[in-house]
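Since the structure comes first, as structure tokens, the remarks are kept for the end.
The values are calculated or read from the model by the stated rules, or taken from the named source; none is laboratory data. What you see is a predicted model; the values in this text were computed from it and never measured. Positions of Cβ are backbone-derived with ideal geometry, glycine not excepted, and every protein chain shown enters the neighbour counts. All accessible areas refer to the heavy atoms of the entire protein, side chains included, with ligands and DNA or RNA removed. Shrake-Rupley method; radii C 1.70, N 1.55, O 1.52, S 1.80 Å.
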Amino acid sequence: MSKICIIEDEKSLSDLIQMNLEMEGYLVKTIHNGRVAFDLASKMDEFQLVLLDVMLPEVSGLDICKEIRKYSDVPVL
């Protein structure tokens, strides 16, 4: 089963996206904080897709994307 990671600080938006993806049969992990996502960047290769917000608390989405690229070529939107 495909796994998708949502990195989004707005809980209502991430909940809506997660619900729709799960209804389509995806496994979804949601991260609401930029620092947490940055610290988990080395583990993003377990996902088939990362949905990444640019404006996050503590660490920007652009910095997180750069960190993910050090470890994985997972698609990032």
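Checking E67, E24, E58 one by one, the residue that is of a type outside the set (V, I, T) and at positive phi is E58 and no other. Whether a residue is touching a strand residue (DSSP E or B) at 6+ places or on another chain (Cβ under 8 Å) and among the small types (G, A, S) was assessed, and A41 does not pass this test. Beta carbons closer than 8 Å, at least 6 apart along the sequence or on distinct chains, pair a first residue in the range 59-77 that is over 14 Å from D39 (Cβ atoms) with a second that is in a loop (DSSP other than H, G, I, E, B) and open to solvent by 70 Å² or more (accessible area, probe 1.4 Å) for S60/V54; G61/V54; G61/M55; L62/V54; V74/Q48; P75/Q48. Summed over the range 50-71, residues that are more than 13 Å from the chain's Cα centre (by Cα) and of a type in the set (S, T, Y) total 1.
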